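One structure below.
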Amino acid sequence: MREHRVRHQPATTGHETPTASAYVTELKLPAVGDYIVVAKRAAASLGLVVGFSVQEIDDLNIAITQACESAIAAASQQWGSGNGQLKLIFKSRPRRLEVEVRSVPPRSVEQQTVRRAHSEAELDYETIGLNMIRLFVDELRYQVDNQTGTMRMRMVKYLIE
């Protein structure tokens, strides 16, 4: 009986990741809270690809949840509850993951040109949510388009070794 030993090659052989480019993954979901779990699963899976630890993935999931809740609130405010979509754009780069969360109008609803004014309670909630996200990601940019009412949030989480 013969014994054969096979030397295992790294999984990246023949498929080296380019150092300067990013892999982009896009996900569109209804602007409904029940679908946040899908966004969290996608973020966790892509975090594993980048090499994040369980703790870093948990941090990312908390930030994703809060960002999606903010986007759902913006969509509900602009187009009514249950209308609109969330668009998530994930950019996997070496040692980091960029996530952009946007509220997008539904195709059947025309964009309104003027957004209604925030009440004080909404502004407080928005501020609290943004401060919470800042605790769990390394970079955060937040923008609301006053003409269309769409919200855009960009978060970056770096791999720490």
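Matching residues to (1) open to solvent by 10 Å² or more (accessible area, probe 1.4 Å); (2) part of a helix (DSSP H, G or I); (3) among the β-branched types (Val, Ile, Thr):
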residue	(1), (2), (3)
Asp59	yes, yes, no
Ala71	no, yes, no
Gly82	yes, no, no
Val99	no, no, yes
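Applying a threshold of 8 Å to beta carbon distances and a minimum spacing of six or more residues, or different chains, the list of pairs starting in region 20-44 at a residue that is acidic (Asp, Glu) and ending at one that is at pLDDT 95 or above reads Glu26/Lys87; Glu26/Leu88; Glu26/Ile89; Glu26/Phe90.
When region 139-161 is filtered for residues that are of a type outside the set (A, V, I, L, M, F, W, C) and either at pLDDT 90 or above or more than 24 Å from Arg107 (Cβ to Cβ) (or both), the ones remaining, listed by number, are Glu139, Arg141, Tyr142, Arg152, Arg154, Lys157, Tyr158, Glu161. Among the residues of this structure, Glu69 counts as one that is of a type in the set (Asp, Glu) and more than 16 Å from Lys157 (Cα to Cα). Total residues in region 87-97 satisfying the condition of being at pLDDT below 95 and open to solvent by less than 20 Å² (accessible area, probe 1.4 Å): the figure is 1. Can you tell me which residues in region 36-55 are out of contact with any helix residue (DSSP H, G or I) (no Cβ under 6 Å at 6 or more places or on another chain) and open to solvent by less than 20 Å² (accessible area, probe 1.4 Å)? Matches in region 36-55: Phe52 only. Only one entry in Ala20, Ala11, Ala39 is of a type in the set (Gly, Ala, Ser) and modelled with pLDDT of 95 or more, namely Ala39.
The values are calculated or read from the model by the stated rules, or taken from the named source; none is laboratory data. Note that the structure is a prediction, hence the values are computed from the model and not measured. Please note: Cβ atoms are built from the backbone with ideal geometry, for glycine as well, and neighbour counts cover all protein chains shown. Areas reflect the complete protein model, heavy atoms only, side chains present, ligands, DNA and RNA absent. Shrake-Rupley method; radii C 1.70, N 1.55, O 1.52, S 1.80 Å.
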